[in-house]
Amino acid sequence: DPRTDYKEPLDRDRMIAQYDGDIAYGDREFGRFVQGLRARGLYERALVVFLGDHGEEFLDHGQWLHGRSVFDELVHIPLVVKFPGRGNAGRRVAQQVREVDILPTVLENQGLPVPAPPLIAGRPLQRVLEGTASPTPAVSEISHRGFVAHGIRTEADKYIRRFSPVEDELYFDLVHDPKETKSILASAPERVRFLKAGVEAVMAPNPFRYTLKIAGAGEYGIGLKTGGWIEGVEATGLGAGERYQIQENGRRLELRVRPRPGRPREVVFTARPMGAPVWLEGTRDGRALRPRDVAIGRSAAPADALPLRFPEIESAGGREHFQDLFAPPSSDSPGIQIWLSLPPGRTLMEFSKERQEQLKALGYLGPG
């Protein structure tokens, strides 16, 4: 693993050489595939689409491999299309296109209807070849094991909003700085605001909701904060003088409650974008919250430390722990209880053993 195995610059060269070997292997195998089409008389009338799913980083921006950013070394991928016959053979298109354009391209090639947005997001590449497609920004995102970032890219510039583990904004002039070496965020405020609005408009919320239950007796002042947005807040059981308030344009939720034995207070909310960290801090009876004041999931595990970063699905650490997060504490102990819940009408899907084995074979599930 290069994240732990890297000790000196020669190690980076070794990793790049291994990656070059991967590319050479893929090139050879794709060649076998094309030869197979030719041998069967299928190549001339075939639509062939060859693309990468992502690139790899070798300390270009301080990280290894993929799943940690939306810089161009990860999201600017190869795309080669061979249409039936020899039309446009050898042509290189400079206009930016997107992976979501592949589905409508295949549908049109097969003579099938191409649904209009919002049913699908892409457009047929045939329009680009005809010269009738206007330039379209490309949106990218990552929410993977604590790395959360969103970006929007045009042919000339790019805006990135990072939420975790770094929280910042970046803006690059791709014409003069194609390797994204220097952010010039302050140089074009109007342009940054325009791109920022575009990427924020498509940020999806978490598919689950956070539930807080404050039980027992005491006076609580609870603050929830995020670099994203806290949305869909629902509070039940609040009495006179108790309240919740959304502050800082949705980035903070303040809660003041005084539960009584047998009369808990409950707050449910979601966060956007998916994976953006949510932190909890506050007081109980005038003193700072302690780890033992918090119980997480069915096992009622105490907080490791305060402020507490809310539990995340990707860090659940196995099936049992995952299910534990989606259940309230089994005992109604005093304090703040936290668990995850699904919106009404949605349930957790349990895969059969056969389907689990299939997913393991494809690499989507671990061997455990």
For the chain, whose charge dipole is built from +1 on Lys and Arg Cβ atoms and -1 on Asp and Glu Cβ atoms, the candidate among LEU74, LEU103, LEU125 with its Cα farthest towards the positive end is LEU103
Whole-Hz Karplus couplings 3J(HN,Hα) for the range 76-86, θ = phi - 60° and coefficients 6.51, -1.76, 1.60, Gly and Pro as x, run 8, 10, x, 9, 10, 10, 10, 7, x, x, 10
Low-density loop chymotrypsin sites (Phe, Trp or Tyr not before Pro), the range 323-352, at most 16 other Cβ within 10 Å, DSSP non-H/G/I/E/B, are PHE351
Expressed per residue, the solvent accessible area of the chain in Å² (1.4 Å probe) is about 57 Å²
Sorted list, accessible surface of protein heavy atoms, 1.4 Å probe, largest first, for ASP324, ASP304, ASP60 is ASP304, ASP60, ASP324
Here the gain from full extension of GLN96 to ASP168, 0.36 nm per residue of separation minus their alpha-carbon distance, amounts to 23.3 nm
Over all viewing directions the Cα convex hull of the range 54-94 casts an average projected area in nm² of 3.8 nm²
Expressed as a percent, the accessible surface of the chain that is carbon or sulfur, using a 1.4 Å probe and the full set of protein chains, is 54 percent
Per-residue accessible area, 1.4 Å probe, largest first, puts ASP22, ASP177 in the order ASP22, ASP177
per DSSP, antiparallel bridges as share of beta bridges in the chain, % nearest 5, sits at 95 percent
Among the Cα-Cα pairs of the chain, the proportion with separation greater than 30 Å, in percent, is 54 percent
Heavy-atom accessible area with a 1.4 angstrom probe orders MET274, MET349, MET203, most exposed first, as MET349, MET274, MET203
In the range 256-357, the trypsin sites (Lys or Arg not before Pro) that sit in a DSSP loop and have at most 16 other Cβ atoms within 10 Å of their own Cβ are ARG346
Expected vector for the range 283-289, Karplus 3J(HN,Hα) from phi with 6.51, -1.76, 1.60 and θ = phi - 60°, integer Hz, x for Gly and Pro, equals 9, 9, 6, x, 10, 5, 4
Distribution output for the range 1-137: share of Cα-Cα pairs per 5 Å bin in percent, first bin at 0, values 2, 8, 14, 16, 16, 14, 12, 9, 5, 3, 0
Dividing the alpha-carbon radius of gyration of the range 55-129 by 2.2 N^0.38 Å, where N counts its residues, gives 1.37
Once ILE184 and LEU362 are pulled to full extension, the length gained, defined as 0.36 nm per residue separation minus their Cα-Cα distance, is 60.0 nm
Listed by chain and number, the residues whose amide H is under 5 Å from that of VAL278, excluding neighbours fewer than 5 places away on the same chain and using placed H, are PHE310
For THR211 the rounded accessible area (nearest 10 Å², probe 1.4 Å, non-protein molecules ignored) is 0 Å²
Output for the range 22-113: trypsin sites (Lys or Arg not before Pro) sitting in coil per DSSP, at most 11 other Cβ within 10 Å, listed by number, reads ARG40, ARG45, ARG86, ARG91, ARG92
Pairs over 31 Å Cα to Cα, from LYS225/LYS360; LYS158/LYS225; LYS196/LYS225; LYS182/LYS360; LYS213/LYS360, come to LYS225/LYS360; LYS182/LYS360; LYS213/LYS360
Length gained if VAL175 through ASP20 is fully extended, taking 0.36 nm per residue and subtracting the Cα-Cα distance, is 53.1 nm
Of all DSSP beta bridges having both residues in the range 214-365, the percent classed as antiparallel (nearest 5) is 90 percent
Residue-ordered couplings for the range 210-219, obtained by feeding phi - 60° into the Karplus form 6.51 cos²θ - 1.76 cosθ + 1.60 and rounding to whole Hz (Gly and Pro as x), are 8, 10, 10, 10, 9, 10, x, 10, x, 10
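The values are calculated or read from the model by the stated rules, or taken from the named source; none is laboratory data. All figures in this text were calculated on a predicted structure; none of them were measured in a lab. Here the Cβ is made from the backbone with ideal geometry for all residues, glycine too, and neighbour counts use every protein chain on show. Surface areas here come from the heavy atoms of the whole protein model, side chains and all, with no ligands, DNA or RNA. Shrake-Rupley method; radii C 1.70, N 1.55, O 1.52, S 1.80 Å.
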